[in-house]
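K.L.:
Pasting a structure here, questions to come.
A short reminder: the numbers here are calculations on the coordinates, not readings from a lab. Since the structure is predicted, the reported quantities are computational estimates derived from the model, not experimental observations. Methodologically, a virtual Cβ is constructed for each residue, glycine included, from the backbone with ideal geometry; neighbour enumeration extends over all protein chains shown.
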Amino acid sequence: MALNKDFIGKVYPASAPYSVGREKVREFASAIGDENPAYHDVAAARALGHGDVIAPPTFAFMISFRASSAAVHDPGLGLDYSRVVHGEQRFAYDRPITAGDDLVCVTTIENIREAAGNDILTTRGDVSTVEGEHIVTTWTTTVARGTAEESS
């Protein structure tokens, strides 16, 4: 089943707050093999002007991915998640994610297009503190394999 293009522009409510923990940042950085001292050591992060350890840029994906579940599992969208592959990820930061941040994410379906028999879904995640300070915008491109052909 093809994706419902009427969903382009649909905005989903903010996610539940995600509390960024120092150990989660360290674990994530270790998992991706990034030993940047600012990701592991509070003193190193503070020497760079941050209040605590900062997260690697791709850490934001965890937060936006959780929030996007409201969109990708919306039955009206028509996404068969068993046919999905991750296509692309982009980030635009205002400031680094820092241990101690309490973050929420608002998900918007930015685009749905067809290419080579596939539906291509682009979602935007606007991540901010619970107080409203914008931190990062993420864009995720998801490919639903073979679904566009079914709409023909």
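K.L.:
From the helices alone, meaning DSSP H stretches of at least four residues, give me the mean residue ellipticity at 222 nm for the chain, per-run term -39500 (n - 2.57), in deg cm²/dmol to the nearest 500.
P.N.:
-6500 deg cm²/dmol
K.L.:
Let me ask another. Return the single residue from S15, S30, S82 with maximal mean-square fluctuation; model: Gaussian network over the chain, springs between Cα atoms under 10 Å.
P.N.:
S82
K.L.:
Using all alpha carbons of segment 100-147, what is the percent of pairwise distances in each 5 Å bin, ordered from the shortest bin to the longest?
P.N.:
The distribution over segment 100-147 is 5, 22, 21, 16, 12, 10, 7, 5, 1, given as percents.
K.L.:
Only four residue types carry charge here, +1 at the Cβ of Lys and Arg and -1 at the Cβ of Asp and Glu. Report the dipole size of segment 95-139 about the Cα centre in Debye, rounded to the nearest 20.
P.N.:
Dipole size: approximately 160 debye.
K.L.:
Given the options G132, G78, G21, which has the most mean-square fluctuation in a GNM of the chain, springs set between C-alpha atoms less than 10 angstrom apart?
P.N.:
G132
K.L.:
Any chance you could list the semi-axes, whole Å, largest first, of the equivalent ellipsoid that the Cα gyration tensor gives for segment 42-91, using √(5λ)?
P.N.:
Computed over segment 42-91, the values are 35, 11, 7 Å.
K.L.:
Same structure again: Just subtract the alpha-carbon distance of S69 and A43 from 0.36 nm times their residue separation and send over the number in nm, one decimal.
P.N.:
Here the segment from S69 to A43 would lengthen by 5.8 nm.
K.L.:
If you take the C-alpha gyration tensor of segment 1-82, multiply each eigenvalue by 5 and take the square root, what semi-axes do you get, largest first, in whole Å?
P.N.:
35, 13, 10
K.L.:
Next question. Give me the one-decimal Kirkwood hydrodynamic radius in Å for segment 58-152, with the sum taken over alpha-carbon pairs.
P.N.:
For segment 58-152, inverting the mean 1/r across all distinct Cα pairs yields 14.0 Å.
K.L.:
Would you compute the Debye intensity of segment 4-136 from its alpha-carbon atoms alone, equal scatterers and no solvent, and pass along log10 I(q)/I(0) at q = 0.12, 0.14, 0.15, 0.20 Å⁻¹ to two decimals?
P.N.:
Taking Cα atoms of segment 4-136 as identical point scatterers yields -0.52, -0.68, -0.76, -1.12.
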